[in-house]
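Visitor: Could you have a look at this structure, given as structure tokens, before my questions?
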Ligand code: TRP
Ligand code: SF4
């Protein structure tokens, strides 16, 4: 669609752990080399559940962003910003709230689930109900076509697609659309105009998907179109009205196989985490005291790696030969558990050395982080403002 663009957000929850690294950040680092990426701290999202205790949010945001940088998210490649510093997200959220059916929100599966799971909190608030809509605004305001998320967030991306469709359908039908589209075609220049017409006909009369793809590619290349004309021509190609908001696709991030110290999912609420940039002593101690196969009570008892959380770490951190050494040694009681854990300790420490090194300048001088974020906010805001102009215009609020 318009330009390819990746957007993702993370709630500020304080120091990040290895689960975040292997489940999310490694993927961001890969994506930033492939696409223009926007990554943001979703501080308003934190308020949808923690509205009664907002004190820690700010510190968590800065800590989290240092962890992103430590993990290799590169401000020269990706735009890093804070949601609340781009207030246009709130304006889009408000405007879309006017046309969002309440039932759609009530039917988002996480709504009831989370209310039940967090039953110690009163989540019968307007903000909590509107949380998926806020997420939609985050995505749509950047016309992001790719949204890397975990499985739990897929319904929200689907919700966003439906909302974009509804919005375009409702507000993309400007008076004189057909004439304006035809005027815009002329601006493509005669050769491109002829091709556009041909591709459009192929798609609309014969349902030829290739015609649609070729037409989109042609529009992507056409440099001299205004945003409004571009929206018209995308819409006209597909046979709808103006395409003001872009339907995003989810990039499903594979669930992290990173278990916690006890073999359950690594999560702050289970207290089984290893932090990014964890102090070497405490890291070593955490792994040394990690649970192992309960059958190995004594050093001479054989064990089974499949029943041992440490094995899961070897799967992530060790090469084949180390893994063979573990399997053989464990099953024959040839090695002890402390011995078995050492390569894991070494590997995690090594991984974290690089992170520590990257983080150090930001710890020495926190204004560096602030200026990266200030820059990112400026960039994000420009994009957001462009979309908001179109949205206001489409909803009759441009007061020119
Ligand atoms: N809701 C997401 C989560 O809890 C975070 C988030 C907020 C997000 N806005 C987003 C993710 C936009 C992707 C795109 O994990
Ligand atoms: Fe787990 Fe290794 Fe001990 Fe076997 S030897 S139980 S894999 S820690």
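Visitor: Test residue 138 against the stated conditions and say whether it is within 16 Å of ligand 1 (Cβ to nearest atom), within 20 Å of residue 385 (Cβ to Cβ) and at pLDDT below 95.
Guide: Here the answer is no, as residue 138 does not meet what is asked.
Visitor: For the subset of region 281-320 comprising residues that are more than 10 Å from ligand 2 (Cβ to nearest atom) and in a loop (DSSP other than H, G, I, E, B), which member is surrounded by the most Cβ atoms within 10 Å (Cβ to Cβ)?
Guide: If we take residues in region 281-320 being more than 10 Å from ligand 2 (Cβ to nearest atom) and in a loop (DSSP other than H, G, I, E, B), then 318 is surrounded by the most Cβ atoms within 10 Å (Cβ to Cβ).
Visitor: Additional query: Taking the options 254, 278, name whichever one is in a loop (DSSP other than H, G, I, E, B), within 16 Å of ligand 1 (Cβ to nearest atom) and out of contact with any helix residue (DSSP H, G or I) (no Cβ under 6 Å at 6 or more places or on another chain).
Guide: Answer to the check: 254.
Visitor: I would also like to ask the following. Here is a list of conditions, (1) without any contact (Cβ under 8 Å) to a residue 12 or more places away in the chain; (2) outside any helix (DSSP H, G or I); (3) closer than 20 Å to residue 132 by Cα, and residue 100 meets all of them except one; can you say which number that is?
Guide: (1)
Visitor: Now, a different point. Among the residues of region 117-158, which ones are surrounded by fewer than 18 Cβ atoms within 10 Å (Cβ to Cβ), over 15 Å from residue 252 (Cα atoms) and touching a residue at least 40 places away in the same chain (Cβ under 8 Å)?
Guide: Those that are surrounded by fewer than 18 Cβ atoms within 10 Å (Cβ to Cβ), over 15 Å from residue 252 (Cα atoms) and touching a residue at least 40 places away in the same chain (Cβ under 8 Å): 118, 121, 125, 127.
Visitor: Got a number for residues in region 144-182 being part of a helix (DSSP H, G or I), away from ligand 1 (no atom under 11 Å from the Cβ) and closer than 23 Å to residue 396 by Cα?
Guide: Of the residues in that region, 17 qualify.
Visitor: Another question, then. Only residues that are in contact with a strand residue (DSSP E or B) (Cβ under 6 Å, 6 or more places away or on another chain) and farther than 17 Å from residue 73 by Cα: list them for region 1-42, please.
Guide: Listed by number, the list is empty, since nothing qualifies.
Visitor: Right, something else. Residue 16 is checked against (1) without any contact (Cβ under 8 Å) to a residue 60 or more places away in the chain; (2) closer than 20 Å to residue 370 by Cα; (3) within 14 Å of ligand 1 (Cβ to nearest atom) and fails just one. What number does that condition carry?
Guide: It fails just one condition, (1).
Visitor: Tell me, yes or no, whether region 77-95 has at least one residue that is farther than 21 Å from residue 147 by Cβ, part of a helix (DSSP H, G or I) and assigned by TED's automatic domain parsing to the domain that holds residue 138.
Guide: Yes, there is a match, as at least one residue in region 77-95 is farther than 21 Å from residue 147 by Cβ, part of a helix (DSSP H, G or I) and assigned by TED's automatic domain parsing to the domain that holds residue 138.
Visitor: Please verify whether residue 323 is in contact with a helix residue (DSSP H, G or I) (Cβ under 9 Å, 6 or more places away or on another chain) and loosely packed, with under 12 Cβ neighbours inside 10 Å, treating the condition exactly as stated.
Guide: Against the criterion (in contact with a helix residue (DSSP H, G or I) (Cβ under 9 Å, 6 or more places away or on another chain) and loosely packed, with under 12 Cβ neighbours inside 10 Å), residue 323 does not qualify.
The values are calculated or read from the model by the stated rules, or taken from the named source; none is laboratory data. This structure is a prediction, so every number in the text was calculated from the model and none was measured. In this analysis, Cβ positions are derived from the backbone assuming ideal geometry, glycine residues included, and neighbour counts consider all displayed protein chains.
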